[in-house]
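Enquirer: Structure below; questions to follow.
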Amino acid sequence: MDSSTLLGITTFTYLFSTVLYTIFYIFKMDKLGKVATWFTATALLIQTIAIGLRWWESYEMGIGRAPLTNMYESVVFFAWTIVALYLFIEWKFKLRIIGVFTVPFAFLAMAYASLSTDINKSITPLVPALQSNWLIAHVVTCFIGYAAFTVAAGLGIMYLIKNKNASSTSGLINSLPSLKVIDTITHNVMVFGFIWLTIGIITGAVWANSAWGRYWSWDPKETWSFITWAIYAITLHVRFTRGWQGPRIAWLAILGFISVIFTYYGVNFLLSGLHSYGSS
Amino acid sequence: MKSSNPFWNFFASVKLALFTLGCIAVTSIIGTLIPQKEPMQFYVNQYGSKVATYFQLLDFTDMYTSWWFLALLGLLSINLIVCSIDRFPITWKQITQDNLELPLERLEKFRLSASFNTQLSEQEVITTLPNMLAKAGWKIESRNRDGIHLFFGQKMPWSRIGVYLVHLSILIIFTGAVYGQLNGFRGSMMLPELQSSSTVFPFQSSSTINLGFTVKCERFEIEFYDNNMPKEYRSLLTVLEDDQVIVQKEIEVNTPLKYEGITFYQASYQPFNDFIFTIAESTNSPTIFTGEFQKEIKWLENNVSFGIINLESVRDQAVRLKIWFSDPTGEPSEFWIDAGEMIEFQRGDSVYFFSAKQRYATGLQVAKDPGVWIVYVGFLLMISGLYVAFFMSHKRLWLIIKNSGTKTQIEIRGSTNKNQAGFTTRFQDLATALENEL
């Protein structure tokens, strides 16, 4: 059994987790909720083993590097962090319904990683610029931030659904947590993500300085990470100083997430495309 | 500090800060869509001459150093300073004020409250309460006033400065950036192997910078993985002052050489058409020659001639070389060697040590940034400030002890500046515990 097989399995287990959480939510089957949690935890364990195995395989190939260095591996790690963070939130707030709005993101990430033809799945050695101890610190911190923002966006969507049908007596709406609770968790998760994104940008800056002698050069990736950072900084400030809550914060959580995805994915595939087109 | 100065109030407003930060974020998108710092002709070809002229007029072609972008950053800095000066006195008062002197009506207003009666006398309550609260982690002061006995305890009042630390850290980072920009430089050097130079070509100007010392490239090499991807670029550099070797270091990408505040980074390389030969006879110290492909090189003192007559390359790298070698002991010999490998061979009574490799120039990025440590201090302060600002809260607790005839009434008030939900639970647990024990 190699890491690719295990990661392929993970894709389907996250799909199945999503289905379990959804059935649990729609049919209010509390026992199934527990099954969903245990199943998701097992899927996370399998994925953890797969990532560890990929690390070990890289040593077997004589390359020896952390599995965090290309688009494929980062998407896999992104999914891992989303699920790990979600399970932590479920345990902390005892709210299983959040799974319906967050685990699908992990599935989509894994499905993209497994099925996309744009990204290279093989274990390739590191070019000289990436051979640094800052690599792991930078990638891990950024992705904890990204995962938190993804969960926050999931919560934001949940808030808006509940808010739009506030007067509804439908069981589906009623079984969502109260608006206040969703709002509070969204805020907490955003704060958590903001701190990790800050550390991620800082470790990136320190790394850039040790590799090229410049901690900040306004390249598109850096600029977009700053834009994302600014969106969340503004969100936290309007909440603290202008008392914004509820739907506005939910929309900002979604806007922030779009910026995260653009920083992470769009810059690599859209802007670099623009640039390479521009320079040809 | 309420000011009637509208100018001051303008710069102290959070609205302005949010607006400025928003503008910085939105305008910085421009530079990610339009390639930066290209020659004018590039923009003309790409966007047409009319659009290109507008781009140049608005500095969109180098926007992050444009006057308007720097003005936005400056505005944000002024805003942060004024805002902090405006608010800090209030915060300082909240940290240092005598909470036992707060008017009782103010205490009534705190959101968290609980009260209960006990059969114990007022005196008994006053003697037992401090110990019970100490067990729960509250250090308690007390005072008799207005016919009541007031207890007060607080946790982490200084955590209120967290947000100021974060704002200060941004100013420190900006200061470091400006200081580095004014007192440092960034440039490049292209050093062919075996050559030295003390001149740096800065990126932003056409003049040159004299280092005040000399850097020599002793050797440059590239290592490849089996799949031909580059594994490492490596240069052996020597720093010389008055022809004296001061430092020697092998640099790689991610491990630069630092000397006198100037850092030399491995950035690029360039293969040359000539070759470097190292040759020694028995144990004598080696002599170094340079020469071109298929040219005869003469080592006059030993009456030796040699040269490269054939080679194998992978891309622009010569990996194997066929050497022609002649000395007075007999017929010239021809043999293949790996580039850079030192070989030993015997001809007649002489033992030779010989190696040959293609010559490269190493491309160094040279940077002097005396502001970088200020920036790093800002980074550390920002992380710790965020931690304090978000995860530490100023929690306050008052207990009002009143004698009401045969009973003693205990009223508890609590407040926290953050994490209301968490503190509410702890407050209620504490109130219940006190009620049960008294």
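Enquirer: In nanometres, what is the gap between the two model label sites at B:Leu380 and A:Trp38, each 7 Å from Cα along Cα-to-Cβ?
Expert: 4.9
Enquirer: Also, quick follow-up: How high is the FRET efficiency between B:Trp68 and B:Ile29 when r is their beta carbon distance and R₀ equals 25 Å, given to the nearest 0.05?
Expert: 0.95
Enquirer: Next question. Over the range B:6-89, what portion of Cα pair distances is larger than 23 Å, expressed as a whole percent?
Expert: Tail of P(r) above 23 Å: 38 percent of Cα pairs.
Enquirer: On to the next question. Where is the GNM fluctuation largest for chain A (alpha-carbon springs, 10 angstrom cutoff): A:Ile63, A:Ile258, A:Ile89?
Expert: Judging by the Gaussian network model, the answer is A:Ile63.
Enquirer: From the backbone phi of the range B:202-211, what are the Karplus-calculated ³J(HN,Hα) couplings (6.51 cos²θ - 1.76 cosθ + 1.60, θ = phi - 60°) in whole Hz, Gly and Pro given as x?
Expert: Working through the residues one at a time gives x, 5, 9, 8, 9, 7, 10, 10, 8, 6 Hz.
Enquirer: Using only DSSP helix segments of four residues or longer, with each worth -39500 (n - 2.57), what per-residue ellipticity at 222 nm results for chain A after dividing by its residue count and rounding to 500? All intermediate terms of the calculation are to be shown ahead of the outcome.
Expert: Values: 10 runs with 212 residues, N = 280.
Mean residue ellipticity, 222 nm, calculated: -26500 deg cm²/dmol.
Enquirer: Another question, then. Which lysines have a Cα lying under 22 Å from the Cα of B:Lys231, excluding residues fewer than 8 positions away in the same chain?
Expert: Once the sequence-local lysines are set aside, what remains near B:Lys231 is A:Lys121, B:Lys249, B:Lys357.
Enquirer: Counting other C-beta atoms within 10 Å, which of A:Glu73, B:Glu101 has the fewest, and how do the rest follow?
Expert: Numbers: A:Glu73 23, B:Glu101 10.
Lowest to highest Cβ neighbour count: B:Glu101, A:Glu73.
Enquirer: While we're on this one: What are the ³J(HN,Hα) couplings of the range B:85-98, residue after residue, when phi is run through the Karplus curve with 6.51, -1.76, 1.60 and θ = phi - 60°? Round to Hz, x for glycine and proline.
Expert: Once rounded to whole Hz, the list reads 4, 5, 9, 4, x, 5, 4, 4, 5, 5, 6, 9, 5, 7.
Enquirer: Calculate one ³J(HN,Hα) per residue across the range B:250-263 by plugging θ = phi - 60° into the Karplus curve 6.51 cos²θ - 1.76 cosθ + 1.60, and present them in order as whole Hz with x for glycine and proline.
Expert: With the stated coefficients, the range B:250-263 comes to 8, 9, 9, 4, 6, 10, x, 9, 10, 8, 6, x, 10, 10 Hz.
Enquirer: Continuing with the same structure: What distance in nm separates the two pseudo spin-label positions at B:Asp274 and B:Glu296, each 7 Å out from Cα along the beta-carbon direction?
Expert: 1.9
Enquirer: From the C-alpha gyration tensor of chain B, pull out the three semi-axes of the equivalent ellipsoid (sqrt of 5λ each), sorted largest to smallest, in whole Å.
Expert: Values: eigenvalues 1137, 189, 65 Å².
Result for chain B: semi-axes of 75, 31, 18 Å.
Enquirer: Here's something else I'd like to know. Please work out the Cα center distance from the range A:1-38 to the range B:332-358, rounded to the nearest Å.
Expert: 67
Enquirer: If amide H atoms are built 1.01 Å from N in the plane of the peptide, which residues on other chains or at least 5 residues away come under 5 Å of the amide H of B:Leu120?
Expert: Residues meeting the amide H criterion: B:Thr408.
Enquirer: I'd like the FRET efficiency for B:Glu141 and B:Gln428, computed as 1/(1 + (r/R0)^6) with the beta carbon distance as r and R0 of 30 Å, rounded to 0.05.
Expert: Details: r = 23 Å, r/R0 = 0.77.
My answer for the efficiency is 0.85.
Enquirer: Would you list B:Asp316, B:Asp369 from fewest to most Cβ contacts within 10 Å? Walk me through the intermediate numbers first.
Expert: Working: B:Asp316 10, B:Asp369 24.
Exposure proxy ranking, most exposed first: B:Asp316, B:Asp369.
Enquirer: How big is Rg to Rh over the protein assembly as shown, alpha-carbon atoms, Rh as the Kirkwood inverse-mean-distance radius?
Expert: Looking at the protein assembly as shown, the ratio lands at 1.09.
Enquirer: Something else: What FRET efficiency, computed as 1/(1 + (r/R0)^6) with R0 = 60 Å and r the Cβ-Cβ distance, is obtained for B:Gln94 and B:Met342, rounded to the nearest 0.05?
Expert: 0.25
Enquirer: Rounded to the nearest 500, what is the 222 nm mean residue ellipticity of chain B from helices alone, with -39500 (n - 2.57) per DSSP H run of 4+ residues and division by all residues?
Expert: Numbers: 11 runs with 151 residues, N = 438.
Rounded to the nearest 500, it is -11000 deg cm²/dmol.
Enquirer: Choose one of A:Gln131, A:Ala106, A:Ile119: the residue whose Cα lies farthest towards the positive end of the charge dipole of chain A (beta-carbon charges +1 Lys, Arg; -1 Asp, Glu; about the Cα centre).
Expert: The residue sitting most towards the positive pole is A:Ala106.
Enquirer: Just to be sure I understand the model, the point goes 7 Å from the Cα along the line to the Cβ. What's the resulting B:Asn183 to B:Ser350 distance in nm?
Expert: For the pair B:Asn183/B:Ser350, the computed spacing is 5.7 nm.
Enquirer: With point charges of +1 on the Cβ of Lys and Arg and -1 on the Cβ of Asp and Glu, referenced to the Cα centre of the protein assembly as shown, which listed residue (B:Met40, B:Pro202, B:Tyr259) lies farthest in the positive direction of the dipole?
Expert: Value computed over the given set: B:Met40.
Enquirer: Quick query: amide H of B:Glu193 versus all other amide H atoms, modeled in the peptide plane; which residues come in under 5 Å with a sequence gap of 5 or more or a different chain?
Expert: Close amide H contacts, sequence-distant or interchain: B:Tyr360, B:Ala361, B:Thr362.
Enquirer: Using unit Cβ charges (K, R positive; D, E negative) and no other charged atoms, how large, in debye to the nearest 20, is the dipole of the range B:185-368 about its Cα centre?
Expert: Taking the Cα centre of the range B:185-368 as origin, the dipole is about 720 debye.
Enquirer: As I understand it, the value is the acute angle between the Cα axis of helix B:162-183 and the longest principal axis of the Cα atoms of chain B; what does it come to in degrees, rounded to 10?
Expert: 30
Every read-out reported here was derived from the displayed coordinates using simple, explicitly stated rules and does not represent laboratory data. Everything numeric here is computed off the predicted structure, so don't read it as measured data. Using ideal geometry, Cβ is built from the backbone for each residue, glycine included, and neighbour counts are taken over all protein chains shown.
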